[in-house]
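Data first, discussion second: the structure below is written as structure tokens.
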Amino acid sequence: MLIALGVMSFPLLVLSARIAFEQVHPRFEQIARTLGAGEARVFFTITLPLAWRGILGGMTLAFARALGEFGATIMVAGNIPGQTSTLSLSIFQHVQLGQDAQAYRLLGVSVALAFLAVWISECLLLRPRR
Amino acid sequence: MNLLLKNISLPLADFSIEVDVELQSQVTAVFGPSGAGKTSLLDLIAGLRRPASAFIQLDNRVLTHTAAGTLVPPRLREMGYVPQDLALFPHLSVRQNLLYGRKSESRAGPLFSFGHITEVLEIQPLARRRVTDLSGGERQRVALARALLTSPRLLLLDEPLRSLDEALKAKIVPYLQRVRDEFKLPMLYVTHDRQEVLALCDEVLEMRRGRITKRTRATARDWPIINNEL
């Protein structure tokens, strides 16, 4: 199940990371090179520290996406209660069984979690660089 | 110093940089309007851009030789670069910025020692501060010091006084003169300000749309204002 979730979220994570790296102004890296830094040093001392917020924001969004994942999970891992049941699958199950109250409760939790995830990623992505 | 810029060719968006000169003055100005290709020329010399063709040699070292496939990477060119926007690393303190390119204090010698450079540029009290807390003039001096602390053989300055008002420019020019006279470093000074050229430079290359259109000594008499250029 984790593999299914990982696979579905991975492209989004890679995309966010790549965008974060690209948003580091190239001048910083260029000047670091003129100051004698090799590529590895440029990456770890300049690119990564300036991009980490963007990467973390991307990871949070990837998590939010995984939260909503339904199709891949149910196909790959089934829906064994207590073992491979995710929030989305549980909601589905409750609705199927007519247990609306439980479904709504889990829905509330999902919405709150998603909201929290997006809010955190916005904080990370929008906070001005020091 | 002897800087050979032979058969330099770099196509840009609107025109091509075509330069073929040999420079021997201590401070050479590259003077021209925005978009003339001055920054790109500095980037080529620093090894930050790959030319279509070029032969670049500093003293006895060949740095770029496209025909032979030689392109020495920027970190091995021993050049100090002060870019237009200074590019002070925002996540590092002033001191960390200054020491970023520093290899070893003992190899630097007394002229390029940390103490001497920070003294000449009067930035000793700034060491612990964050880069974002500095004033415009302080940032300029820190960027200059950071380049000097690598003990470079050539200093490349891209419009160092561009974003400063007249009062601040007047304050920084003496520092540049001090750097010129104390460290005796060869300098390539890009600017579109005539006064800076006259105050700091020995020779001036006028650059327009990628080409050197004029070359003369940087004195008011040898380099008169001909038309309303800027």
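Inspection of the range B:5-20 identifies no residue that is on the phi < 0 side of the Ramachandran plot, free of Cβ contacts under 8 Å to residues at least 24 places away in the same chain and within 14 Å of chain A (Cβ to nearest Cβ).
Of all residues in the range A:14-35, those that are free of Cβ contacts under 8 Å to residues at least 12 places away in the same chain and within 14 Å of another protein chain (Cβ to nearest Cβ) have Cβ atoms under 8 Å from Cβ atoms of residues that are assigned to a helix (DSSP H, G or I) and among the basic types (Lys, Arg), 6 or more apart or on another chain, in A:ARG33/B:ARG75; A:THR34/B:ARG75; A:LEU35/B:ARG75; A:LEU35/B:ARG146.
Across the range B:48-63, a minimum of one residue is classified as under 17 Å from B:SER16 (Cβ atoms), in contact (Cβ under 8 Å) with a residue 24 or more places away in the chain and within 12 Å of chain A (Cβ to nearest Cβ).
Per-residue answers, yes or no, for (1) over 19 Å from B:ILE45 (Cα atoms); (2) touching a Phe, Trp or Tyr at 6+ places or on another chain (Cβ under 6 Å):
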| site | (1), (2) |
| --- | --- |
| B:PRO152 | no, no |
| B:LEU164 | yes, no |
| B:PHE183 | yes, no |
| B:PRO186 | no, no |
| B:GLN195 | yes, no |
| B:GLU203 | no, no |
| B:GLY210 | no, yes |
| B:PRO224 | yes, no |
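Look at (1) touching a strand residue (DSSP E or B) at 6+ places or on another chain (Cβ under 9 Å); (2) modelled with pLDDT of 90 or more; (3) more than 14 Å from every other protein chain (Cβ to nearest Cβ) and you find that B:GLU138 fails only one, number (1).
Per this entry, A:LEU2 is not counted among residues that are hydrophobic (A, V, I, L, M, F, W, C), at pLDDT 65 or above and surrounded by fewer than 19 Cβ atoms within 10 Å (Cβ to Cβ).
Every condition in (1) acidic (Asp, Glu); (2) crowded, with 17+ Cβ neighbours inside 10 Å; (3) touching a residue at least 40 places away in the same chain (Cβ under 8 Å) is met by B:GLU182 except one, and the failing one is (2). Does B:PRO83 fit the bill of being at the interface with another protein chain (Cβ under 9 Å from one of its Cβ atoms) and crowded, with 22+ Cβ neighbours inside 10 Å? For B:PRO83, the condition - at the interface with another protein chain (Cβ under 9 Å from one of its Cβ atoms) and crowded, with 22+ Cβ neighbours inside 10 Å - is met.
Residue by residue, here is whether (1) touching a Leu at 6+ places or on another chain (Cβ under 6 Å); (2) under 23 Å from A:GLU39 (Cα atoms) holds:
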{"position": "B:LYS6", "(1), (2)": "no, no"}
{"position": "B:PHE15", "(1), (2)": "no, no"}
{"position": "B:GLN24", "(1), (2)": "no, no"}
{"position": "B:ASP43", "(1), (2)": "no, yes"}
{"position": "B:PRO51", "(1), (2)": "yes, yes"}
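Listed by position, the strands (runs of 3 or more DSSP E) enclosed by the range B:32-98 that each have at least 3 residues that are within 20 Å of B:LYS6 (Cβ to Cβ) are B:53-58, B:61-65. Any idea how many residues of the range A:49-98 are modelled with pLDDT of 75 or more and not in a helix (DSSP H, G or I)? The qualifying residues number 2. Counted as qualifying within the range B:136-218 are the strands (runs of 3 or more DSSP E) with 1 or more residues that are of a type in the set (S, T, N, Q) and over 30 Å from B:PHE114 (Cβ atoms), namely B:211-217.
The values are calculated or read from the model by the stated rules, or taken from the named source; none is laboratory data. Quick caveat: nothing in here was measured; it's all calculated off a predicted structure. Every residue, glycine among them, receives a Cβ derived from its backbone with ideal geometry; neighbour counts consider all protein chains shown.
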